[in-house]
Amino acid sequence: MSRIDEKVADRMSQEIEIEFKNLLTEEEFRLLHDFFQSFSKKEIVHINHYFETPSFSLKKNGSALRIREKNNKFTVTLKQPNPDGAGLLETHEAISPEEADKWFHHKIIPCREISSALKQMGIKITELRYGGKLLTNRTEVKYEETLVVLDHSMYNGREDYELELECLEEKYGKAVFDQLLKKFQIPVRKTRNKIERFYHTL
């Protein structure tokens, strides 16, 4: 492997994401926040910058593309259906603040693995357009061998509250998620992912 290839490998990673999510009212969000107050938790602020083609080619492929900005670090993430089973296949590639700024101003910098994955869907990276940003205040808690996430998000003059649960095994994670909803008498709500909610407000 060349030094250039090694550098690219350091910037790129893949993972399978299995998660469950449910929109919350502000009151339900506060109840869950209070319940997890004594748990060891991580508080995070991040901004998602979203990209699509004018014809919504990514959505049509069940996929989504974002740049996540956290602590002045920028990561491009492509989410696709997992061809091998449950969850989503996520491809991550770190980029510099200067590269991110070019993306935001429609001067898309090709990313090796992500560009290749887009090409397989028949999408050219140059077709992408910057849609805007969504800011999230996030609380992460380890709970019953899963990761519980409480999100308060703001975008396009809107705000919403969301419970997410990330797990390694789908059936077990669903059981823990359902137990949490039942414990706090939270109704199951059809919940679009963040990028869908964002574009729905444009």
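Here Ser96 sits with roughly 30 square angstrom of accessible surface, probe radius 1.4 Å. Contact order, relative form, for the chain: 28 percent (alpha carbon pairs under 8 Å, 6 or more residues apart, mean separation divided by residue count). Glu166 sits among other residues whose Cβ lies under 10 Å from its own Cβ, and their net charge, with Lys and Arg +1 and Asp and Glu -1, is -3.
Given a Förster distance of 41 Å, report the FRET efficiency between Lys183 and Leu135 from their Cβ-Cβ distance, rounded to the nearest 0.05. So the FRET efficiency works out to roughly 0.90.
Averaged per residue, the chain has 58 square angstrom of accessible surface, using a 1.4 angstrom probe with ligands and nucleic acids left out.
When only the Cβ of Lys, Arg, Asp and Glu is charged (+1, +1, -1, -1), the dipole of region 104-146 relative to its Cα centre reaches about 380 debye.
Surface composition of the chain: carbon plus sulfur atoms hold 50% of the accessible area, using a 1.4 angstrom probe and ignoring ligands, DNA and RNA.
Extension gain, Gln37-Lys142: 0.36 nm per intervening residue step, less the Cα-Cα distance, totals 36.6 nm.
With a Förster radius of 25 Å applied to the C-beta separation of Asn72 and Glu159, the computed FRET efficiency comes to 0.55. Rounded to the nearest 20, the size of the Cβ-charge dipole of the chain about its Cα centre is 620 debye, with Lys and Arg at +1 and Asp and Glu at -1.
State the answer as a single residue: which of His106, Ser116, Tyr199 lies farthest towards the positive end of the charge dipole of the chain, with beta carbon charges of +1 for Lys and Arg and -1 for Asp and Glu, about the Cα centre. In the chain, that residue is His106. Charge tally for Asp84 (other residues, Cβ to Cβ under 14 Å; Lys, Arg +1; Asp, Glu -1): -4.
On the beta carbon distance between Ala86 and Lys59, with R0 = 25 Å, the FRET formula returns roughly 0.75.
For region 23-109, trypsin sites (Lys or Arg not before Pro) are listed when DSSP marks them as loop and at most 12 other Cβ atoms sit within 10 Å of their Cβ; the list is Lys107.
Dividing the alpha-carbon radius of gyration of the chain by the rule-of-thumb value 2.2 N^0.38 Å gives 1.07.
The values are calculated or read from the model by the stated rules, or taken from the named source; none is laboratory data. Keep in mind that this is a model prediction, so the values were computed, not measured. Please note: Cβ atoms are built from the backbone with ideal geometry, for glycine as well, and neighbour counts cover all protein chains shown. The protein model used for the area step is the full one, side chains on, heavy atoms only, and it has no ligands, DNA or RNA in it. Shrake-Rupley method; radii C 1.70, N 1.55, O 1.52, S 1.80 Å.
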